[in-house]
Structures are given as C-alpha cells and as structure tokens.
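This report concerns only the one structure given below.
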Amino acid sequence: MEPRGGWLDDTEQRAWQGLLAFAMLALPELERAQRRHGLVHIEYGLLAALSERAYRLSDLASMLNMSQSRLSHRMNKLRDHGWVSVSQCPDDGRVTIAEITPSGRTLVEKIAPEHVEDVRRLIFDNLDPAQTRALADALTSVMSGLRMCTGQS
C-alpha cells in the first residue's frame, strides 16, 4: 500500500530526520536544564507565560496545547511550591485565573537567562537570520495544522 502522496522525498526525509534528532537530543537537553531548578520544561513554560500576565486556566491550556487534566496536575505542583496562585475570577465564578507569585517571578528571572542561552546554543547559533525566519514560518504552519488536527483553536 502506498502512503497518501507517496513516500517522503529526499527533502521531506531530511526535514523529518532533523525533527526527530531535535526531539531526541535538544528537547531532553532543555529538560535537564529545567530539572536543575526542580521543574520540567512545561512547568517552566507555564511560569514564563504567567510572568507576562494572569491567564484563565482554559486559555493557558489552549495556548500551551495542554489538556485540562495535565494543566491541573502541573498547576497543583507549581501552587504547592508557592510559585503560582489560582483563584476564581471575581466577575465570573465559573472562571479560574492563574497568576505568578513573587517567588515564582524570582524563579523565572533566575532561570530565564540560562534558558535563553540554552535555546540559542542548541538552535539559533546554528542558523543564519534567513534560516531562523524560514524555521519560524515553517513551524508556525506546522503548529496551525496540528491545532486543526487536534481540534484546538
């Protein structure tokens, strides 16, 4: 049986192998860096997002492509460490709002420079500006397609 569209051509195969290598090498490297601070990478992502502003939990889950149950599990850990607070919206009791606490903000401010350095070292130091723009465009399209496939907006 032939796959839809035929087999991967050489360029598609190189792109796929690159994505696999990135997933197997770079993502675990970023994860190890976060573990030094008692976090997994998605928890750092939550803290970084909340350092910008407070979010409704449903919006945060959608933005980070997380299920509500996974978000709840991670938020409980962050709340137990005193890095976030979660409360009902004063205007709508059906809505739950998450905010970063001062200790959470301090943690993000400590980790952020290391994280940026790791991301630059693992990704952007290997690309010129045109490649970076092309990667950003390509991954934006991929993310859009993934959201459509998974029913997320």
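Just so it is clear, none of the values below were taken in a lab; they were calculated from the coordinates. Note that the structure is a prediction, hence the values are computed from the model and not measured. All Cβ positions, even for glycine, are placed from backbone atoms using ideal geometry, and neighbour counts span all protein chains on display.
Things worth noting here:
- At full extension, Arg32 and Arg94 could sit 18.6 nm farther apart than now, given 0.36 nm per residue minus the alpha carbon distance.
- Over the chain, DSSP H runs of length four or greater, each weighted -39,500 (n - 2.57), average out per residue to a 222 nm ellipticity of -20000 deg cm²/dmol.
- Among (i) 76, 28, 24; (ii) 54, 34, 27; (iii) 54, 32, 23, the entry derived from the coordinates for Cα extents along the principal axes in Å: (ii)
- Relative contact order [Cα under 8 Å, 6+ residues apart], segment 14-122, whole percent: 27 percent
- Label reach from Ala15 (point 7 Å along Cα→C-beta): in segment 116-136, amide nitrogens under 13 Å belong to 134-136.
- Contour excess over end-to-end distance, with Cα ends at Gln68 and Asp118 and 0.36 nm allotted per residue: 15.1 nm
- Comparing Gly45, Gly18, Gly104 in a Gaussian network model of the chain where C-alpha atoms under 10 Å apart are linked, the largest mean-square fluctuation is found at Gly18.
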